[in-house]
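Presented below is the structure to which this report refers.
The values are calculated or read from the model by the stated rules, or taken from the named source; none is laboratory data. Please read all numbers here as calculations on a predicted model, not as lab measurements. Every residue, glycine as well, gets a Cβ built from its backbone with ideal geometry; the counts of neighbours run over all protein chains shown.
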Amino acid sequence: MESKTERRFSILMFPWIAHGHVIPFFELAKNLSNKSFHIYFCSTAINLEDSTKNSLQEQSSIQLVELQLPSFPDIPAHFHTMKNVPPHLMPRLFHAFQMSATSFTDIIQNLKPDLLIYDVFSTYRDSPFPYPEIYVKDYETKGLKAAVGQLMKRDENEKDLSFGHFNLSQDIVLMKTCKGIDGKYVDYLSVLCKKKLVPVGPLVTQSYINGGNDSEIVDWLTTKPEFSTVFISFGSENHLTKEQMQELAKGLEICDVNFIWVIRSPVGETIDIDEVMPKGFLDLISERGLIVQGWAPQAKILSQKSVGAFVSHCGTSSLTESLYFGVPVIALPFKFDQPLNVGAGVEVARDEEGSFKSDDVANAINEVIVKMSGEKLRLRATVLSAQMKNEEAEDMNEAAEQLLQLCIKFKEQT
């Protein structure tokens, strides 16, 4: 007879419908499927296609489950992901997501999983926080309040769909971090929230590092000296204005370093590089710069020895990947939690309105790439990288054991 601990439990995983959430969630799904769990992975069709199509080989323990969002003329199926929807339609996407509750209820009733792992947004509370390392500037505070204010504008009947799930979590809360990086914060929040916070590691997607057809970019990077190249990317949902792009380009001219700059066009638009860049810029940087329009293999780029800094918006996944590969961050945050994530490198200076100039960009890059201070930053990033990699397997094993014990506990109660 099969023992209780040998039973293969099933987990339904339900990330928020944004690329930066789906990708690490799917990495967690792959890791848990290797720990004898059967995984149901639920998201919208566009997210399942874009984020998992290259990662399902030999993953027989993962089953994709489509979440049906209601059909609106202005929110077609390809807008059912945060990276595609235009900013002015985001409230409509939130509304459509909230209206998918019936679809999700049907999924739970049909699949009857032993456990549900879901995503959640964090509210900003007035509770005192005892760690002085976190500081938010005035213009960043305004942005945070505006963003949270938009998300909180919904009917009372819908108030728990985005922010109320934390209190429903049974006994534990999983966090994409490791003890070596955030140990004291994890312990403090566990006490504050009266739930055990369990690190699951960095969840860096290994398939993007080992696979893909990116030989042109990798070949270009291998011709550059160690730590000589700056990688510039602002995620799938952040877009610089023409003025910001020009100031960044002028900063790259000033500091005279190698760089890869990923430029994504807003939905429904196409950026003309020749038009937005300063006159003569493309000719000037032809030997030391590579501009990539659209998607680029971020993890693979960061893993190259020639990359010495990452100019980033400081989204959680981007910051995690940068530290995982020991690359110092040059921070240029824009919204949501991004300003809170700054701290693993240097930040581009800005004025009171949050604007930056070319000299600010050049100074930050020089501090990391050119000056002796860059060696200290790289050493710090290398130490953090080693901590993350050394604890990666242990964190995942502990998280899997915690989930297994929850499943066994629930099974014994039924």
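If you check ILE291, ILE301 for being modelled with pLDDT of 90 or more and either part of a helix (DSSP H, G or I) or out of contact with any helix residue (DSSP H, G or I) (no Cβ under 8 Å at 6 or more places or on another chain) (or both), only one passes: ILE301.
Looking only at residues in region 328-348 that are aliphatic (A, V, I, L, M) and either more than 15 Å from the chain's Cα centre (by Cα) or within 20 Å of GLY374 (Cα to Cα) (or both), which one is modelled with the lowest pLDDT? Here the answer is ALA344. Starting from residues that are among the charged types (D, E, K, R) and at pLDDT below 90, keep the ones in region 349-375 and report whichever is farthest from the chain's Cα centre (by Cα). Residue satisfying both the conditions and the ranking: LYS371. Close contacts from region 46-65, counting a first residue that is more than 12 Å from VAL22 (Cα to Cα) and a second that is at pLDDT below 85 and not in a loop (DSSP other than H, G, I, E, B), with Cβ to Cβ under 6 Å and a gap of 6+ residues or different chains, come to SER55/SER207.
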